1. What are the radius of gyration and Dmax of the stretch 1-115, computed over its Cα atoms and given in Å?
2. Roll a 1.4 Å probe over the protein heavy atoms and report the accessible area of ARG221 in Å², nearest 10.
3. Which helices, counted as full DSSP H runs in the chain, have an axial Cα extent of no less than 24 Å and a Kyte-Doolittle average of 1.0 or above?
4. Over the chain, with the other protein chains present, what is the accessible area per residue in square angstrom, probe 1.4 angstrom?
5. Please state, as a whole number in µm²/s, the translational diffusion coefficient that the Stokes-Einstein equation yields for the stretch 3-231 at 25 °C and 0.890 mPa s, with Rh defined as the Kirkwood radius across alpha carbon pairs.
6. Please work out the C-alpha center-to-center distance from the stretch 164-211 to the stretch 72-122 and express it in whole Å.
7. Taking the simple approach of a point 7 Å from Cα along Cα-to-Cβ for both VAL124 and GLU157, what is their distance in nm?
8. When the accessible area of the chain is split by element with a 1.4 Å probe, what percent falls to carbon and sulfur?
Amino acid sequence: MSKITTLKLGFSNAFLVQEEGLILVDTGINVSEDKYLKIFADLQLDPRTISLLLITHGHNDHFAHAKWLKELTGAPILCHKKALQALRTGQNPEIRARNQLGRNALRRIRLAQPKNYQPVEPDVLVDREYDLTPYGIKGQVIPTPGHSECSLSLVLESGEALVGDLIISSPFTGRPCLAYFTDDEEALLASAEKLSKLANVFYSAHGGPFTREQVLNILQREHEKKSLASNQ
Ligand SMILES: [Zn+2]
């Protein structure tokens with residue numbers, strides 16, 4: 001079993017995944033350097049033992065502190081090829097809401113966040129499955145587009161998955177749901193379907209973790225909505 005430690009960092013969760021190796025998944029946002037150092041100290045963890053920084057996608061609540069963490073840990077940054085522009089410029093790509101929930105969330109985010117974060121140069125760019133065995137983690141990074149075209153998930157052999165923003169808790173009701181931002185509705189559903197077959201626990205950047213049953217319920221609701229819409 002992997003040891004997954006959830007780090008609640010501002011608006012988002014980041015994760016330490018420990019097996020033979022240790023990696024950090026995402027960075028959180030608006031977190032002071034002191035807070036990071038305290039977290040590492042409380043865990044009795046030398047940040048230089050982190051061998052990889054995996055950025056699940058190019059939204060700034062996932063990469064905001066990547067530059068500082070890269071310097072602190074000395075670890076390479078892995079992200080999707082299509083996240084390169086966001087990391088290099090420190091800016092989000094255009095974000096589109098898929099429903100009212102998304103529109104409300106977007107309004108809240110625009111009020112709360114500065115637009116730019118420190119640019120950083122990623123080291124490993126992927127656009128297909130990528131095996132993390134060389135980093136001491138039994139698992140695969142897989143593209144799971146839909147929330148963004150650059151979304152990646154980490155699927156561990158232990159049956160746990162880290163899914164970025166693909167599946168989240170509604171910030172308004174706390175209920176699990178699919179991402180409320182999407183650049184491709186079909187891809188979002190397909191990615192969630194795919195993950196539901198590959199894992200049974202789902203760690204999210206916002207809320208969670210979720211069980212497979214919760215994910216299957218979300219998918220069922222989405223299919224019902226779709227068939228209602230196509231019958232109208
Ligand atoms: Zn996102």
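The values are calculated or read from the model by the stated rules, or taken from the named source; none is laboratory data. Bear in mind that the values here come from a model prediction, so they are computed numbers and not experimental data. Cβ: placed from backbone, ideal geometry, glycine included. Neighbour counts: every protein chain shown. Areas reflect the complete protein model, heavy atoms only, side chains present, ligands, DNA and RNA absent. Shrake-Rupley method; radii C 1.70, N 1.55, O 1.52, S 1.80 Å.
1. 14.8, 43
2. 70 Å²
3. Counting only whole DSSP H runs, no helix qualifies.
4. Values: 11090 Å² over 232 residues.
Computed with neighbouring chains in place, this is 48 Å² per residue.
5. 140 µm²/s
6. After rounding, the separation between the Cα centres reads 18 Å.
7. That separation, rounded to one decimal, is 1.6 nm.
8. For the chain, the apolar C and S fraction of the accessible surface comes to 50 percent.
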